[in-house]
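Let me begin by handing over the structure; questions about it come next.
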Amino acid sequence: MNDYYAELGLSRDASSEEIKRAYRKMARKLHPDVNPSDEAADQFKRVGQAYAVLGDPEKKASYDQGVDPYAPGGGAGAGFGGAGFSFSDIMDAFFTGGAAGASGGPRSRVQHGQDALLPLDIELSDAVFGGEVDLTFDTAVVCTTCHGEGSRPGTGKHTCDVCGGAGQTQQVQRSFLGQVLTSRPCTACDGYGDIIDSPCFECDGNGRKRDTRTISIKVPAGVDTGTRIQLRGEGEVGHGGGPAGDLYVEVRVAKHPMFQRQGDDLHCSLELPMSAAALGASLPLETLDGPRDIDIQAGTQPGDVVTLKGLGVTRLRTESRGDLLVHANVRTPSKLTSEQADLLRQFAASRGEETPAPKFQPVNQGLLGKLRQAWKG
């Protein structure tokens, strides 16, 4: 025989109220909605069998006399589940509050639409100065045939004959808890309480359809890759033509062929001939703000930086801007004519550099260090 008292943690002289309390306590702990493990599921079944026997006065009396309806050959057909009710339904009502008065009425066909997230590709100039960019995307819009009603023009809806417009059906079941009233969404009307006589042929009764939209988006100056812009009410229209959700666009700034952005500053590299770096020069540069002249000081070294104030990126939600940093890249000629070589030898002799003395430095103090510091600002 099975020891049903032990399954419920009770002594054999436990009262009916103690049996009921013990079962309720263990059922709450072992119910699959609370404890989804396989071990708990097996124990839940055993506890249910125990209460099916001990909770029934006649079966309990037989069990106390040595008759176990669940033992092999012991008359299991009269056991748990034969009382004419669904234990799962009762437990659902017990744990989810599906008793009388829990009905929420029919659900509305008009529902709020979902939010949407889309990428927005812009140029670096749009990020620096701001601007307007068109975005084309596929989304849910109000059906233009039924205008969100879901029914063909000239037709309508009628109250559901099954639930009488309540959107739910109720069923009374007997259990150890007494009579339990459970509610379920009506399967005839899907819980809406009414039925569309003739669904719209274009949206199939949903009140919305898929379509392509193009909107103009104002891009604020200073945005960067990863910045999200919220557009209220520009998301998907809800079921039944309900209010649209919000549209979030995530900015992706395209790479520029010349300028690289770091924070609010822009960087570029300027290749200089050795003579211009030594003698100095004034060179034109086409910036995002138009042409500007760059003054290269005589004696400019590789990695030196020329800063153009206020020609960088606009700081978000302000009118101030970062800087444009031009990094000097001095180019040494790789091929010389004999005449050019003689001139350079004369130049080296005039500076006493025919045989230059080597001067080594740690990497972080030399050219690479200057470049690293320059890029770090």
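Considering Cα pairs under 8 angstrom that are at least six residues apart, work out the relative contact order of the range 131-231 and quote it in whole percent.
Computed value for the range 131-231: 43 percent relative contact order.
Looking at the square roots a ≥ b ≥ c of the eigenvalues of the Cα gyration tensor of the range 125-262, which shape do they give, rounded for a/c under 1.5, prolate if a/b is larger than b/c, or oblate?
Oblate shape, in that a/c is at least 1.5 and b/c is the bigger or equal ratio.
Please work out the FRET efficiency for the pair residue 43 and residue 107, using the Cβ-Cβ distance as r and a Förster radius of 51 Å; give the result to the nearest 0.05.
0.90
To continue, here is another question. With a 1.4 Å probe and every protein chain left in place, tell me how much accessible area residue 13 has, in Å² to the nearest 10.
That residue has around 130 Å² of solvent-accessible surface.
Also: Multiply the residue separation of residue 11 and residue 331 by 0.36 nm, subtract the distance between their alpha-carbon atoms, and state the gained length in nm to one decimal.
105.6 nm
Also, quick follow-up: Determine the gain in length on full extension of the stretch residue 187-residue 301; use 0.36 nm per residue of separation and subtract their C-alpha separation, reporting nm with one decimal.
Working it through step by step, the gained length comes to 32.9 nm.
Could you name the lysines whose alpha carbon sits less than 20 Å from that of residue 59, not counting residues in the same chain fewer than 8 places away?
Result set, ordered by chain and number: 20, 45.
Would you list 347, 137 from the most to the least accessible area, probe 1.4 Å?
347, 137
Ranked highest first by average number of other Cβ atoms within 10 Å, how do 283-292, 40-49 line up?
In descending order of packing, they fall as 40-49, 283-292.
Follow-up. At q = 0.16 Å⁻¹, what log₁₀ I(q)/I(0) does a Debye calculation on the Cα points of the range 248-362 give, no solvent, two decimals?
One equal scatterer on each Cα of the range 248-362 leads to -0.88.
Considering only protein heavy atoms and a 1.4 Å probe, what is the carbon-and-sulfur percentage of the accessible area of the range 252-352?
After summing per-atom areas, the C and S share lands at 51 percent.
Say R0 is 51 Å: what FRET efficiency, to the nearest 0.05, do residue 248 and residue 281 get from their beta-carbon distance?
So the FRET efficiency works out to roughly 0.55.
About its Cα centre, how strong a charge dipole does the range 192-272 have in debye, to the nearest 20, once Lys and Arg get +1 and Asp and Glu get -1 at the Cβ?
220 debye
Still on this structure, I have one more. By how many nm would the segment from residue 155 to residue 339 lengthen if fully extended, with 0.36 nm per residue of separation less the alpha-carbon distance?
Extending this stretch completely gives an extra 56.6 nm.
Quick one: grab the alpha carbon gyration tensor of the range 186-278, order the square roots of its eigenvalues as a ≥ b ≥ c, and give me rounded if a/c is under 1.5, else prolate or oblate depending on whether a/b is larger than b/c.
Here the range 186-278 falls in the prolate category.
With every protein chain present, what accessible area does residue 147 have (1.4 Å probe, heavy atoms only), rounded to the nearest 10 Å²?
140 Å²
At a 1.4 Å probe radius, which order do 122, 196 fall into by accessible area, largest first?
196, 122
Using a cut-off of 30 Å between alpha-carbon atoms, which lysines can reach residue 309, once sequence neighbours fewer than 8 places away in the same chain are excluded?
Partners found: 218, 255, 370, 376.
Heads up, I need the accessible area for residue 311: 1.4 angstrom probe, whole protein in place, Å², nearest 10.
In the full protein context, residue 311 sits at about 20 Å².
If amide hydrogens are placed 1.01 Å from N in the peptide plane, which non-local residues have theirs closer than 5 Å to the one on residue 207?
150, 240
The values are calculated or read from the model by the stated rules, or taken from the named source; none is laboratory data. None of these values were measured; they are calculated from a predicted model. Cβ coordinates were reconstructed from backbone atoms using ideal geometry, including for glycine residues, and neighbour counts include every protein chain displayed. The protein model used for the area step is the full one, side chains on, heavy atoms only, and it has no ligands, DNA or RNA in it. Shrake-Rupley method; radii C 1.70, N 1.55, O 1.52, S 1.80 Å.
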